[in-house]
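Read the structure below first, then the notes.
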Amino acid sequence: MSKKFWDEKCETMPVDEMEKVQLKSLQDTLKHVYNNVPFYKKKFDEVGVKPDDCKKLHDIGLFPFSYKNDLRDNYPFGLCAVPMREVVRVHASSGTTGKPITGPYTAKDLDDWSECMARTLYAQGFRDDDIVQNAYGYGLFTGGLGFHQGALKIGCAVVPTSSGLTERQIILMQDFGVTGLMCTPTYALTIAERANRMGVDFKNSPLRVGSFGAEPWTVAMREEIQAQLGIAAHEAYGLTELMGPGVAFSCEAYKLHINEDHAYPEIIDSETGESLPLGHQGELVFTSLQRRAMPMIRYRTKDITRLHRETCSCGRTLITMDKITGRADDMLIITGVNVFPSQVEAVILEFPEMQPIYQIRVMKKGYLDVMAVEAEAKRSVYEDGEEKITALTKKISDRFTQVIGIKIPITILPFNSIPRSEGKAKRIIDERNN
Ligand code: ADP
Ligand code: ZN
């Protein structure tokens with residue numbers, strides 16, 4: 001019988017023991033960056049705090065935050081805490097705006113990352129007899145190699161297709177008898193849709209599990225992927241700054257556990273920077289605990305969620321977080337109301353006629369921001385005629401008003417009008433500066 005956990009000791013460690021491990025790692029990391037990264041030394045000195053001031057976990061609050069801009073200002077290797085001879089690989093984030101940010105790794109950092117990814121995939125049911133297709137982009141993006149290493153560590157047979165060439169993906173999945181798929185959730189949908197057009201039904205195939213991540217997606221979207229592909233659709237969360245995917249993962253109960261022996265999480269009020277207690281919604285902040293090449297201290301992820309200490313039915317004691325509602329960056333303020341793309345997605349997917357394929361246009365109207373949604377209906381719905389579309393448009397628009405609290409115009413588009421995603425979907429089209 002195969003074991004239940006990849007690393008039982010860490011994944012089921014009693015909380016007080018975990019906290020001891022975290023404190024020791026935190027103290028080591030603070031010393032490591034203070035002694036080796038002038039940026040951190042200067043920042044700590046400015047607020048008059050020394051690594052030795054960290055006597056208990058809570059003392060982390062004494063230390064200053066770090067931000068994406070700090071990574072940009074110190075591009076490419078200014079935050080590197082080891083000599084270049086110890087660095088064995090460098091990744092970079094796609095950098096949605098401005099310069100990319102870099103992620104250097106030592107050999108040990110790569111091992112640790114593979115461990116975190118192996119825990120992730122193992123918890124989701126990937127085993128050594130699985131044939132897994134890795135359709136995350138390979139290259140500078142951490143998704144491709146991150147998942148690749150984790151699957152190798154478990155002993156899966158990895159098919160490294162990278163993203164794109166969707167038809168070939170589908171043919172290989174069939175020919176090889178692929179049992180596990182790894183890619184972004186929106187690419188999983190693109191694959192499902194293309195398969196459908198090719199007359200391929202993965203529900204009657206060996207495909208049974210997926211590990212999706214790198215972008216926000218709702219529970220409704222997960223259900224849609226599960227239904228279309230006939231698989232358990234699992235989730236990985238991570239960011240380049242912290243190592244890449246593998247920071248958190250969903251278990252059999254679909255709870256997101258954080259690998260908290262590697263990434264220490266906090267939730268703060270993003271306006272005031274104040275720490276918030278468990279269960280409160282706010283910005284997720286991470287401190288690297290084991291990373292050697294580029295440890296981040298109190299890194300502001302801009303991702304919005306809550307943390308919980310709960311007894312999970314899977315048996316793991318690792319702290320959990322809610323699914324990410326969205327990035328603070330993506331939050332729109334429309335006539336004074338905060339709106340996340342995920343809320344729009346949740347409403348659209350209440351309607352079985354609709355697909356999770358949509359875009360949000362943001363425009364200026366005088367001094368105010370306004371938004372409009374364009375979303376695709378399933379093919380058959382559009383074929384039913386204009387009247388049905390008009391009625392559906394009204395129904396969805398009423399639901400926006402009820403759920404989100406503002407009027408949001410929606411246009412229902414015919415099938416295949418919105419570009420399909422091969423990686424992270426672009427949900428927001430910002431026309432405010434046009
Ligand atoms: P980029 O900033 O270029 O997108 P990354 O690839 O490092 O760089 O993206 C990390 C971000 O992707 C996270 O901060 C988060 O916003 C998003 N993300 C990653 N995984 C998930 C997930 N499972 N759910 C929601 N958002 C995710
Ligand atoms: Zn669990």
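Within the range 99-109, the set of residues being out of contact with any Asp or Glu (no Cβ under 8 Å at 6 or more places or on another chain) and either under 14 Å from Ser288 (Cβ atoms) or within 16 Å of ligand 2 (Cβ to nearest atom) (or both) comprises Pro104, Tyr105, Lys108, Asp109.
So, of the residues in the range 323-349 that are closer than 21 Å to Gly238 by Cα and among the polar types (S, T, N, Q), which turns out to be most open to solvent (accessible area, probe 1.4 Å)?
Taking the range 323-349 as the starting set, the residues that turn out to be closer than 21 Å to Gly238 by Cα are 323-331, 340-342.
Subset that is among the polar types (S, T, N, Q): 325, 342.
Numbers: Thr325: 43, Ser342: 23 Å².
Checked the range 323-349; the qualifying residue most open to solvent (accessible area, probe 1.4 Å) is Thr325.
A count restricted to the range 138-193 and to residues that are in contact (Cβ under 8 Å) with a residue 40 or more places away in the chain and of a type outside the set (Val, Ile, Thr) stands at 21.
Table: residues versus (1) touching a Lys or Arg at 6+ places or on another chain (Cβ under 7 Å); (2) open to solvent by 60 Å² or more (accessible area, probe 1.4 Å).
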{"site": "Lys41", "(1), (2)": "no, yes"}
{"site": "Val47", "(1), (2)": "no, yes"}
{"site": "Pro51", "(1), (2)": "yes, no"}
{"site": "Asp59", "(1), (2)": "no, no"}
{"site": "Asn69", "(1), (2)": "no, yes"}
{"site": "Tyr75", "(1), (2)": "yes, yes"}
{"site": "His91", "(1), (2)": "no, no"}
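Annotation note: of Thr320, Thr301, Thr218, Thr305, the sole residue that is more than 13 Å from ligand 1 (Cβ to nearest atom), crowded, with 18+ Cβ neighbours inside 10 Å, in contact (Cβ under 8 Å) with a residue 24 or more places away in the chain and not assigned by TED's automatic domain parsing to the domain that holds Glu353 is Thr320.
Kindly check whether there is at least one residue in the range 200-213 that is open to solvent by less than 60 Å² (accessible area, probe 1.4 Å), touching a Lys or Arg at 6+ places or on another chain (Cβ under 7 Å), of a type in the set (Gly, Ala, Ser) and away from ligand 1 (no atom under 16 Å from the Cβ). Break it down into steps so the answer makes sense when it comes.
Looking only at the range 200-213, we keep the residues that are open to solvent by less than 60 Å² (accessible area, probe 1.4 Å), and these are 200, 202, 205, 207, 209-213.
Narrowing further to those that are touching a Lys or Arg at 6+ places or on another chain (Cβ under 7 Å): none.
No, that holds for no residue.
Of the strands (runs of 3 or more DSSP E) lying entirely inside the range 82-150, none contains at least 3 residues that are of a type in the set (Lys, Arg). Checking Glu283, Glu252, Glu260 one by one, the residue that is among the charged types (D, E, K, R) and open to solvent by 10 Å² or more (accessible area, probe 1.4 Å) is Glu252 and no other.
Flag not set for Ala236, criterion: farther than 20 Å from Lys153 by Cβ, modelled with pLDDT of 95 or more, within 16 Å of ligand 2 (Cβ to nearest atom) and out of contact with any Leu (no Cβ under 6 Å at 6 or more places or on another chain).
For beta carbons closer than 8 Å, sequence separation of 6+ or different chains, a first residue in the range 347-368 that is at negative phi and a second that is surrounded by fewer than 17 Cβ atoms within 10 Å (Cβ to Cβ) and hydroxyl-bearing (Ser, Thr, Tyr), the qualifying pairs are Leu368/Thr335.
Grab the strands (runs of 3 or more DSSP E) fully contained in the range 235-276, keeping just those with 1 or more residues being of a type in the set (Phe, Trp, Tyr). Break it down stepwise before answering.
Working: elements: 244-250, 256-258, 263-268.
Result: 244-250, 263-268.
If you take the residues in the range 293-335 that are touching a helix residue (DSSP H, G or I) at 6+ places or on another chain (Cβ under 8 Å) and of a type in the set (Asp, Glu), which one is farthest from Lys9 (Cα to Cα)? Ranking the qualifying residues of the range 293-335, first place goes to Asp330.
The values are calculated or read from the model by the stated rules, or taken from the named source; none is laboratory data. These numbers come from a predicted model, not from an experiment. A quick note on method: Cβ atoms are made from the backbone with ideal geometry, for glycine too, and the neighbour counts reach across all protein chains shown. In case anyone asks, the SASA skips ligands and DNA or RNA and just uses the protein heavy atoms, side chains included. Shrake-Rupley method; radii C 1.70, N 1.55, O 1.52, S 1.80 Å.
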